[in-house]
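Participant: Got a structure for you, written out below as structure tokens; questions coming shortly.
The values are calculated or read from the model by the stated rules, or taken from the named source; none is laboratory data. If you're wondering where the values come from, they're calculated on a predicted model, not measured in any experiment. Cβ coordinates were reconstructed from backbone atoms using ideal geometry, including for glycine residues, and neighbour counts include every protein chain displayed. These area figures cover heavy atoms from the full protein model, side chains too; ligands, DNA and RNA do not enter into them. Shrake-Rupley method; radii C 1.70, N 1.55, O 1.52, S 1.80 Å.
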Amino acid sequence: MANNAPIGVFDSGVGGLTVAREIMNQMPNEEIVYFGDTARVPYGNKSKDTIIGFSRQIVKFLRTKEVKAIVIACNTATAFALETIKAENDIPIIGVVKSGAKVAAKATKNGKIGVIGTEGTINSGIYTSYLKQWKDNIQVFPKACPLFVPLVEEGLLYDPVTIEIAERYFSELKGHGIDTLVLGCTHYPLIRHTLQKVIGDDVQLINPAYETARYLRRVLMEHDLLHEPAKTKEHLFFVSDGAEKFKGFANTILPCKVQETKDINIEQY
């Protein structure tokens, strides 16, 4: 596999852009092929078999772009499909759960960690499993927050509705006395300031997107796949629906200018 091949990144929608942003910031020489499954978002309320099927289609598409590695930038797809996809492919494939859990386990002072995510991620128990691997004397308080994804997809990042929903979700977590909160969905860092305001400054928020990019760099180094310095880079963006809306949103988040986003029929893969 050529060093200068791109990295594939996929998510159910715009949330994975938080991971793409960290990759761009931490590894500026790398090129990215991003796919957002905007026609089928959200993933959090769908079955494991459905998510595995979606992930297989997306990976097949990304491999037509000759990517050298793939980041599943979706916590639900990581929980349900990562091991299956890894077993079926011969390139490095990583998810977004393990690195965030490790940092959260190290960050907590009182051993009480909250985890917020989609229903699929929370019900899978994957964060609790990883957190207890790193530190077995901790208490994990998971909370499904299914409305956050559609709120982010609609761009309601600072809206009073988002604040009200967060207050309802977090009332239970506040009662547990957590000092660390894992943002267990890649959409959630886009409302980080709102979430911090509601949960309080005494709770540390953990963004797995940042840690995933750091882990990806280590994986690429181990496989001798780091991109050589280049004068120009070409990031490619694809979605299953709503290309113009996605492009506009991406240009408010990413450090680069998204010139074009293409709609593709992912069902054909």
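Participant: For every other residue with a beta carbon closer than 14 angstrom to the beta carbon of GLU260, add +1 if it is Lys or Arg and -1 if Asp or Glu, then tell me the sum.
Facilitator: +1
Participant: At 37 °C and 0.692 mPa s, grab the translational diffusion coefficient of the chain from Stokes-Einstein with a Kirkwood Rh over Cα pairs, rounded to a whole number in µm² per second.
Facilitator: It diffuses with D of about 177 µm²/s by this estimate.
Participant: Quick one: accessible area per residue over the range 98-208, 1.4 Å probe, rounded to a whole number of Å²?
Facilitator: 45 Å²
Participant: Relative contact order, percent, of the range 143-224 when contacts are C-alpha pairs under 8 Å separated by at least 6 residues?
Facilitator: Relative contact order of the range 143-224: 32 percent.
Participant: When Rg is the radius of gyration of the Cα atoms in the range 9-84 and Rh is its Kirkwood radius, what does Rg/Rh come to?
Facilitator: That ratio is 0.96, to two decimals.
Participant: Further question on the same structure: Rounded to the nearest 20 Debye, what is the dipole magnitude of the chain about its Cα centre when Lys and Arg each give +1 and Asp and Glu each give -1 at the C-beta?
Facilitator: Result for the chain is approximately 540 debye, rounded to the nearest 20.
Participant: Report the full-extension gain for the segment SER171 to ARG192: residue separation times 0.36 nm, less the Cα-Cα distance, to one decimal in nm.
Facilitator: Full-extension gain reported as 5.9 nm.
Participant: Quick one: if you stick a label point 7 Å off each Cα along the C-beta vector at ASP179 and THR252, how many nm between them?
Facilitator: It works out to 3.6 nm between the two label points.
Participant: Let me ask something else about it. Could you give me the ³J(HN,Hα) list for the range 133-140, computed from phi with Karplus coefficients 6.51, -1.76, 1.60 and θ = phi - 60°, whole Hz, x at Gly and Pro?
Facilitator: 5, 7, 7, 7, 9, 9, 10, 10
Participant: Pairing the Cα long axis of helix 17-26 with the longest principal axis of the chain, what angle in degrees results, from 0 to 90 and rounded to the nearest 10?
Facilitator: 70 degrees
Participant: Report the longest stretch of the chain that contains none of the GluC sites (Glu not before Pro) sitting in a DSSP loop with at most 16 other Cβ atoms within 10 Å.
Facilitator: On the way: sites that count: GLU66, GLU154, GLU234, GLU260.
With a cap of 16 other Cβ atoms within 10 Å, the longest stretch comes to 67-153.
Participant: Further question: Output ³J(HN,Hα) for the range 4-11: one whole-Hz value per residue in order, computed from phi by the Karplus curve 6.51 cos²θ - 1.76 cosθ + 1.60 with θ = phi - 60°, and x for Gly and Pro.
Facilitator: Whole-Hz 3J(HN,Hα) from phi for the range 4-11: 8, 5, x, 9, x, 9, 9, 8.
Participant: Going 7 Å from the Cα of LYS233 toward and past its Cβ, which residues in the range 181-224 have a backbone nitrogen under 19 Å from where you end up?
Facilitator: Residues 209-224 qualify, since their backbone N sits under 19 Å from the label point.
Participant: On to the next question. Quantify, in whole percent, the carbon and sulfur part of the accessible surface of the range 98-208 (1.4 Å probe; protein heavy atoms only). Please list the in-between numbers first.
Facilitator: Numbers: 2450 of 4940 Å².
C and S atoms contribute 50 percent here.
Participant: Shifting gears a bit: Relative to the longest principal axis of the chain, what angle (0 to 90°, nearest 10) does the C-alpha long axis of helix 98-107 take?
Facilitator: 40 degrees
Participant: Regarding the range 114-269, what is the average projected area of its C-alpha convex hull, in nm²?
Facilitator: Result: 12.1 nm².
Participant: Shifting gears a bit: So which trypsin sites (Lys or Arg not before Pro) in the range 1-88 end up in coil per DSSP with only 15 or fewer other C-beta atoms within 10 Å?
Facilitator: LYS65
Participant: Using Cα pairs under 8 angstrom and six or more residues apart, how large is the relative contact order of the chain, in percent?
Facilitator: Numbers: 516 pairs, mean separation 73.8, N = 269.
Once divided by the residue count of the chain, the mean separation gives 27 percent.
Participant: Which distance in Å, rounded to a whole number, links the C-alpha centroids of the range 120-145 and the range 157-202?
Facilitator: 17 Å
Participant: Taking the mean number of other Cβ atoms within 10 Å as a proxy for protection, how do you rank 102-112, 3-13 from highest to lowest? Present the calculation step by step, with values, prior to reporting the outcome.
Facilitator: Values: 102-112: 16.9, 3-13: 23.7.
Result, highest mean Cβ count within 10 Å first: 3-13, 102-112.
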